[in-house]
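Notes for the one structure printed next.
The values are calculated or read from the model by the stated rules, or taken from the named source; none is laboratory data. Keep in mind that this is a model prediction, so the values were computed, not measured. With ideal geometry, Cβ positions are generated from the backbone for all residues, glycine too; neighbour counts draw on all protein chains shown. When the accessible area is computed, the model is the full protein with side chains, heavy atoms only, and any ligands, DNA or RNA have been set aside. Shrake-Rupley method; radii C 1.70, N 1.55, O 1.52, S 1.80 Å.
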Amino acid sequence: MRPARAIVDLDALRHNYRIAKALHAGRALAVVKANAYGHGAVRCAKALGAEADGFAVAAIEEALALRDGGITAPILLLEGVFEASELAEVEAHDLWMVVHHLEQLQMLEAYAAKKPFNVWLKLNTGMNRAGFAPELARELHDRLLASGKVGKLTLMTHFARADEPDSDATAQQFARFRAGVAGIAAEHSVCNSAAILAWPAVRGHWGRPGIMLYGADPMPLDGGQLRPVMTLESRVIAVREIAAGEPLGYGARFVAERPTRVGLVAMGYADGYPRVVPTGTPVAVDGKPGRIIGRVSMDMLTVDLSGLADAGLGSRVELWGAQVPINAIAAAAGTISYELLCNVKRARLEYRGE
Ligand SMILES: *Cc1c(COP(=O)(O)O)cnc(C)c1O
């Protein structure tokens, strides 16, 4: 069997959830959208099951997959419904939903609800992507409650720059939120992972941690407490010596300066490992620091075994995990850990700690 695999450590996931919840000092919805950032939504939700206060997903398809998987905890639709026909499913499956624009609110008002919905009214405090003006919070709150379609209403916003501790954008967004919701008797939800980690003065009743659950710190500085959940790994499937001056791989992107022992690894961009990373990008070979040389191809990549005398055929190569921080690979690829994790495919997902 091809040795490319992504090992998901569910103990680490639970550990990170506990940190999120303790730091936030309130309830926390575990964000498991996009197949739990590539980790497998049902397996992750089940692993958190007993202790998670609930879950959050991007759309009803993701919520229904969790319900089909036996998850009975609250599930919030972070973007609410996309069309009125989804409301019957939201009702039937007891889902919670965000309302972030007027058409959604009108769909809800027009729906013949059998029981009241749990609605999260989203306010735009500076992201300028989704949500109502905070000045409308009172009026919309009253209008939603008056519709008789809403049993519980939570007020929420989302931060654009919480991962920048030196910017005052988050404090400003929070101040706008507080001003908009002042005097309204409702629970609040404002924090994503970065806000939970970097903004202790900014809290609501419900946290919404995502990336930190998977052990990737969204800040440039590593907090150190989180444990990586995914280990992307494979094995050396062939070894070859190339002489000084010889090229390696597509485009001859690497040319050996000295005799070089090359390990061929079963991992490529079709597994979700980014093609754009340069020579020198870190890997761990049998636990020792190593580096990629040459272009990453679809099914394979090549590593330098020259200084690793004990390494050879069958050596374990970690692409990211406890030894190779995913943030280092994200930096090498010019992206963020989120995108790398969501892109993992083909490599087998295996679970530990169930
Ligand atoms: C995805 C998402 C989150 C989680 O964000 P992280 O940065 O992964 O913690 C929280 N809130 C909303 C509205 C989201 O869409």
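Worth a mention:
- Within region 199-218, the residues that satisfy the criterion of being away from the ligand (no atom under 11 Å from the Cβ) and out of contact with any strand residue (DSSP E or B) (no Cβ under 9 Å at 6 or more places or on another chain) are Trp199, Pro200, Ala201, Val202.
- Of all residues in region 205-216, those that are in a loop (DSSP other than H, G, I, E, B) and in contact with an Asp or Glu (Cβ under 7 Å, 6 or more places away or on another chain) total 1.
- In region 65-79, the residues that are surrounded by fewer than 21 Cβ atoms within 10 Å (Cβ to Cβ) and in a loop (DSSP other than H, G, I, E, B): Gly69, Gly70, Thr72, Ala73, Pro74, Glu79
- Within region 216-245, tally of residues that are acidic (Asp, Glu) and surrounded by 15 or more Cβ atoms within 10 Å (Cβ to Cβ): 2
- Residue in region 294-305 that is of a type in the set (Asp, Glu), open to solvent by less than 20 Å² (accessible area, probe 1.4 Å) and closer than 14 Å to Ala4 by Cβ present: no
- For region 46-59, residues that are modelled with pLDDT of 95 or more and either of a type in the set (Lys, Arg) or away from the ligand (no atom under 15 Å from the Cβ) (or both) total 2.
- Taking residues in region 182-203 that are open to solvent by 30 Å² or more (accessible area, probe 1.4 Å), and partners anywhere that are part of a helix (DSSP H, G or I) and more than 13 Å from the ligand (Cβ to nearest atom), the pairs with Cβ atoms closer than 7 Å and at least 6 places apart or on different chains are His188/Val181.
- Enumeration of residues in region 165-181 that are more than 12 Å from Ala137 (Cβ to Cβ) and either out of contact with any helix residue (DSSP H, G or I) (no Cβ under 8 Å at 6 or more places or on another chain) or open to solvent by less than 50 Å² (accessible area, probe 1.4 Å) (or both): Asp166, Ser167, Asp168, Ala169, Thr170, Ala171, Gln172, Gln173, Phe174, Ala175
- Residue match in region 25-39 (condition: modelled with pLDDT under 95 and within 16 Å of the ligand (Cβ to nearest atom)): yes
- Some residue of region 226-236 being within 11 Å of the ligand (Cβ to nearest atom), touching a residue at least 24 places away in the same chain (Cβ under 8 Å) and in contact with a helix residue (DSSP H, G or I) (Cβ under 6 Å, 6 or more places away or on another chain): no
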